[in-house]
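> Here's a structure for you.
The values are calculated or read from the model by the stated rules, or taken from the named source; none is laboratory data. Because the structure is predicted, anything quoted here is derived from the model rather than measured. Positions of Cβ are backbone-derived with ideal geometry, glycine not excepted, and every protein chain shown enters the neighbour counts. Protein only, heavy atoms only, side chains kept; ligands, DNA and RNA dropped before computing areas. Shrake-Rupley method; radii C 1.70, N 1.55, O 1.52, S 1.80 Å.
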Amino acid sequence: MNAQTAAELDLYQDVVMDHKRAPRHFGTLAAPTHQARGRNPSCGDDLQVTLQVAQERIEDIRFSGQGCAICIASASMMTEAVHGGDVALARQLQQRFRAVLTGELEPEAAHLGKLVSLAGVRRYPGRIKCALLGWHALMHALDDPS
Ligand code: ZN
């Protein structure tokens, strides 16, 4: 590993820990148009995602629950990535993010933005579900209006 790669990994860990310490959009919307719960029994992660969707746009999003650092940080970063954006773009981003974690797509080719900070999780198969849990809950919520 060269020095630049090591520095990037440190940076990515800082980003992940920052989101774990101070999760963005944490909480529950009072009157969501969509919601879903996601559980990962192998780790104990348990999240709820609530959404306000209008005209195929995610106007607001919150997540709540408990989980490991990877789970919480990934859900927090997800809310930042999709807040205010089109539903279709959120679905595409979820597909690319999942493909990177499962090894089908290289991080450099995935255009993940800040989410690339979590690409290192692909080296830890036991943690991939943790990183995808918030996204799974988001997809379930979008497919199943409340
Ligand atoms: Zn976990």
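> Given the options Ala81, Ala75, name the one that is under 11 Å from the mean Cα position of the chain (by Cα) and open to solvent by less than 10 Å² (accessible area, probe 1.4 Å). Before you say what the answer is, go through the steps one by one.
Values: Ala81 fails: open to solvent by less than 10 Å² (accessible area, probe 1.4 Å).
The unique qualifying residue is Ala75.
> While we're here: If I filter the range 87-106 down to residues being without any contact (Cβ under 8 Å) to a residue 24 or more places away in the chain and closer than 25 Å to Glu59 by Cα, which single residue comes out as least open to solvent (accessible area, probe 1.4 Å)? Can you show your working first?
Narrowing the range 87-106 to residues without any contact (Cβ under 8 Å) to a residue 24 or more places away in the chain: 89, 92-93, 95-96, 99-100, 103-106.
From the residues that got through so far, the ones that are closer than 25 Å to Glu59 by Cα too are 89, 92-93, 95-96.
On the way: Leu89: 102, Gln92: 90, Leu93: 21, Gln95: 108, Arg96: 72 Å².
Step by step, filter the range 87-106, then rank; the result is Leu93.
> Is there any pair with a first residue in the range 107-134 that is near the ligand (Cβ under 10 Å from one of its atoms) and a second that is open to solvent by 40 Å² or more (accessible area, probe 1.4 Å) and not basic (Lys, Arg) whose Cβ atoms are under 6 Å apart and which are 6 or more apart or on different chains, and what are they?
Cys130/Cys43
Listed here are the residues, each with its yes/no results for (1) hydrophobic (A, V, I, L, M, F, W, C); (2) within 20 Å of Gln94 (Cβ to Cβ); (3) at pLDDT 95 or above.
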| residue | (1), (2), (3) |
| --- | --- |
| Asp10 | no, no, no |
| Arg21 | no, no, no |
| Arg24 | no, yes, yes |
| Pro32 | no, yes, yes |
| Arg37 | no, yes, yes |
| Ala75 | yes, yes, yes |
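> Quick one: in the range 53-66, which of the residues that are within 16 Å of the ligand (Cβ to nearest atom) and of a type in the set (S, T, N, Q) is surrounded by the most Cβ atoms within 10 Å (Cβ to Cβ)? So that I can check it myself, show each step before the final result.
Applying the first criterion (within 16 Å of the ligand (Cβ to nearest atom)) to the range 53-66 yields 63-66.
Next, from what is left, pick out any that are of a type in the set (S, T, N, Q): 64, 66.
Values: Ser64: 17, Gln66: 10.
Among those that are within 16 Å of the ligand (Cβ to nearest atom) and of a type in the set (S, T, N, Q), it is Ser64.
> Restricting to the range 104-133, what's the tally of residues that are at negative phi, out of contact with any Phe, Trp or Tyr (no Cβ under 6 Å at 6 or more places or on another chain) and part of a helix (DSSP H, G or I)?
Here the count works out to 20.
> Would you say Ala69 is of a type in the set (A, V, I, L, M, F, W, C), under 14 Å from Asn40 (Cα atoms) and within 16 Å of the ligand (Cβ to nearest atom)? Even if it seems obvious, please write down each step before you answer.
Numbers: of a type in the set (A, V, I, L, M, F, W, C): yes; under 14 Å from Asn40 (Cα atoms): yes; within 16 Å of the ligand (Cβ to nearest atom): yes.
The answer is yes for Ala69.
> Here's another thing I want to ask about it. Kindly indicate the residue of the range 41-69 that is among the hydrophobic types (A, V, I, L, M, F, W, C) and assigned to a loop (DSSP other than H, G, I, E, B) and also nearest to the chain's Cα centre (by Cα) among those meeting that condition. Before you say what the answer is, go through the steps one by one.
Step one: filter the range 41-69 for residues among the hydrophobic types (A, V, I, L, M, F, W, C), giving 43, 47, 49, 51, 53-54, 58, 61, 63, 68-69.
Then drop every residue that is not assigned to a loop (DSSP other than H, G, I, E, B), which leaves 43, 68.
Details: Cys43: 16, Cys68: 13 Å.
Out of the qualifying residues, it is Cys68.
> Let me ask something else about it. Out of the range 22-52, which residues are open to solvent by less than 30 Å² (accessible area, probe 1.4 Å), in contact (Cβ under 8 Å) with a residue 60 or more places away in the chain and either within 14 Å of the ligand (Cβ to nearest atom) or among the hydrophobic types (A, V, I, L, M, F, W, C) (or both)?
Ala36, Gly38, Asn40, Asp45, Leu47, Val49, Leu51
> Answer with yes or no whether His111 is modelled with pLDDT of 90 or more, open to solvent by 60 Å² or more (accessible area, probe 1.4 Å) and in contact with a strand residue (DSSP E or B) (Cβ under 9 Å, 6 or more places away or on another chain).
No; evaluated as a whole, the condition is false for this residue.
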